[in-house]
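The values are calculated or read from the model by the stated rules, or taken from the named source; none is laboratory data. Computed from a predicted structure; not experimentally measured. All Cβ positions, glycine included, derive from the backbone under ideal geometry; neighbour counts span all protein chains shown. Heavy atoms of the whole protein, side chains included, go into the accessibility calculation; ligands, DNA and RNA do not. Shrake-Rupley method; radii C 1.70, N 1.55, O 1.52, S 1.80 Å.
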Amino acid sequence: MEMEDYASSDEDYHYDSDQDDSVEAYENDEDYALLSSKGPTTKVITKESLLVAQKEDLRRVMEMLSVREQHARTLLIYHRWDVEKLFAVYVDKGKAFLFGEAGVTVDEHPDSDSSLPSTVMCYICMEDVARVETTRMDCSHCFCNSCWIEHFIVKINEGQSKRIRCMQHKCNSICDEAVVRTLLSRKHPDMAEKYERFLLESYIEDNKRVKWCPSTPHCGNAIRVEDDELCEVECSCGLQFCFRCLSEAHSPCSCLMWELWAKKCRDESETVNWITVHTKPCPKCHKPVEKNGGCNLVSCICGQAFCWLCGGATGREHTWSSIAGHSCGRYKEQEKTAERAKRDLYRYMHYHNRYKAHTDSFKIESKLKETIQGKIAISEEKDSTLRDYSWVNNGLSRLFRSRRVLSYSYAFAFYMFGDELFKEEMTEAQREIKQNLFEDQQQQLEANVEKLSKILEEPFETFSDDKVVEIRMQILNLSTIIDKLCQKMYECIENDLLGSLHLGIHSIAPYKSKGIERASELSVCWNNKVNTEMLLSEKDYCIYAASVGVTAELDRASGSGSSDDNGCSSRKRARKDGLGGGFFDLNLPAEFVDRN
């Protein structure tokens, strides 16, 4: 593929006055990594903000249903932390159904201590136990503390700590987390800490809108999406990935397509295909033999001679003047298999070569950024009327994004128009029409991307002002057209290609004109003291401080520390002294001052 071919033709792009608005809007876009004015729809949840994010959902359920925190957590874990779904069940089917389904039992009339006998029979260990050594859950089932503790330990070790059920046979109620915490803390503080950690991480592990960042080594962040989970996001650590499958960002490929393509590229399946096409097994040692001459009588390194046409060993039965029992000219199924493998290999090489070519181009063009910054610095030092060169950086950003789309479009085409996934979904005629439609759009995008790449490599710092203005208009024009072509390709894939199929498992992340959205960090702030105390109890703060590796004391009476207009603490988390000195706050509100 020669870039001169694209530069020599003007048929692929044009400029007219109707595009003034879109070009100017593109030129004036200072930060092309951000999304539209409605704000980011993804949040980064750090260790510091994890508990606060969890408490925010707990508070909504507690206020809506007038329940305690442990009951709200049980409901949310059952509904995978989907607050909207929980409220929908509450509205449609009522509170009783909601509680019963999740195993929540609200004990509205607890028995008084005076009404209970001094000793109670534990039906687990079948012993009489003093009343003070027993615990009764909200479901009214009472057993001795020793049995409860053993039950809790077994469930935690089995990985069921988030929903520990009552020991009573056929009882569906979930044990009160406060009771679990209290009983375990007496004799097994390590298990109590493990239990707390599981409850805290449940917000990420069981929440379909929150997932860990797949960075390696792990950055410790989680990403929460506010809208559709079918999207591509960028963590604050810089990693861009698909939120649904946690692989690298791969649109316009669906998650299944990308999984198959990545596996096909990294395993040895294509090597096996090459061996099948270009070699034949020795009839004696069965090692693959490649023919390096024109004669069809070949010899293996083991000394065995055999016929290249049929693979049979030469000797008394098989000579060039007499063939007994078989014929080299007869059709065999193995030959049909070899031809199919050869065809599939050439098809794979066609798409893989173009996929790799654009991937390699992206890596090379990534080095352009530093070079272009140097060109801009030289241009700004010149005595010129041109001072704003943001259009160069914006054009480079557009080149990066469109190059990535082009690269993955070949992986998409390999499966869309092959036999692996959609063989029964389309007739040959339909496949040909759709393939021509897609390849026409792909070709237009490819031509304009190569033109943009060539223009950005021009030494514009040596050109006159008139020539720079001309290049500027070409870059702005190409950037606008490439954006529209990318958008058109995504619409074609969603509506004309994937949208017409019966299989609904193939969906792609929507096209983002301004690139993959960078998630904003979830702020840890409150507007007033009431909300603060509602969100963080003293017990929760201790758990929270332990989870981020900090030991601290609560000082509710202190009002030290500055805060901004939104009620957010302006103090930052300080590093721990290397000699084990003092600890400082973790961006908590000013009401919570850490002391050592």
How many times 2.2 N^0.38 Å is the alpha carbon radius of gyration of the stretch 141-185?
-> 1.03
Would you mind putting 220-227, 340-347, 474-481 in packing order, based on average other-beta-carbon counts within 10 Å, highest first?
-> 474-481, 220-227, 340-347
For the stretch 64-179, please report how many Lys pairs fall under 21 Å Cα to Cα, leaving out neighbours fewer than 8 apart on the same chain.
-> 5
In the stretch 369-436, what percent of the accessible surface is made up of carbon and sulfur (1.4 Å probe, ligands and nucleic acids excluded)?
-> 49 percent
If the chain between residue 185 and residue 440 were fully stretched, how many nm would it gain, using 0.36 nm times the residue separation less the Cα-Cα distance?
-> 85.1 nm
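What is the extension gain from residue 339 to residue 393, computed as 0.36 nm multiplied by their sequence separation minus the C-alpha to C-alpha distance, in nm to one decimal?
That works out to 14.5 nm of additional length.
Computed over the Cα atoms of the stretch 58-157, what is the ratio Rg over Rh, Rh following Kirkwood?
1.07
Per the Kirkwood treatment, what hydrodynamic radius in Å, one decimal, follows for the stretch 134-285 from the mean inverse distance over all distinct Cα pairs?
Its Kirkwood hydrodynamic radius stands at 20.0 Å.
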About the Cα centre of the stretch 190-306, what is the dipole size in debye to 20, counting +1 per Lys and Arg Cβ and -1 per Asp and Glu Cβ, all else neutral?
-> 1020 debye
For the stretch 403-498, just say rounded, prolate or oblate: build the C-alpha gyration tensor, square-root its eigenvalues into a ≥ b ≥ c, call rounded for a/c under 1.5, and beyond that prolate if a/b exceeds b/c, oblate if not.
-> prolate
Most packed first (mean Cβ within 10 Å per residue), the peptides 438-444, 51-57, 192-198 order as 51-57, 192-198, 438-444
Mind listing the long-range amide H neighbours of residue 134? Cut-off is under 5 Å, sequence gap 5 or more, other chains count too, H placed in the peptide plane at 1.01 Å from N.
-> 145
Under 22 Å from the Cα of residue 280 - lysines, other chains or at least 8 residues apart = 291, 332, 336, 342
Hey, quick one: spin label on residue 420, modelled 7 Å out along Cα-Cβ, who in the stretch 467-496 has an amide N within reach, i.e. under 20 Å?
-> 493-494
With DNA, RNA and ligands ignored, accessible area of residue 388 (1.4 Å probe; Å², nearest 10) = 80 Å²
Spacing of the two label points (7 Å from each Cα toward its C-beta) at residue 457 and residue 357, in nm | 1.4 nm
Distance from a point 7 Å along Cα→Cβ of residue 237 to each backbone N in the stretch 39-63: keep the residues under 19 Å and list them by number.
-> 42-51
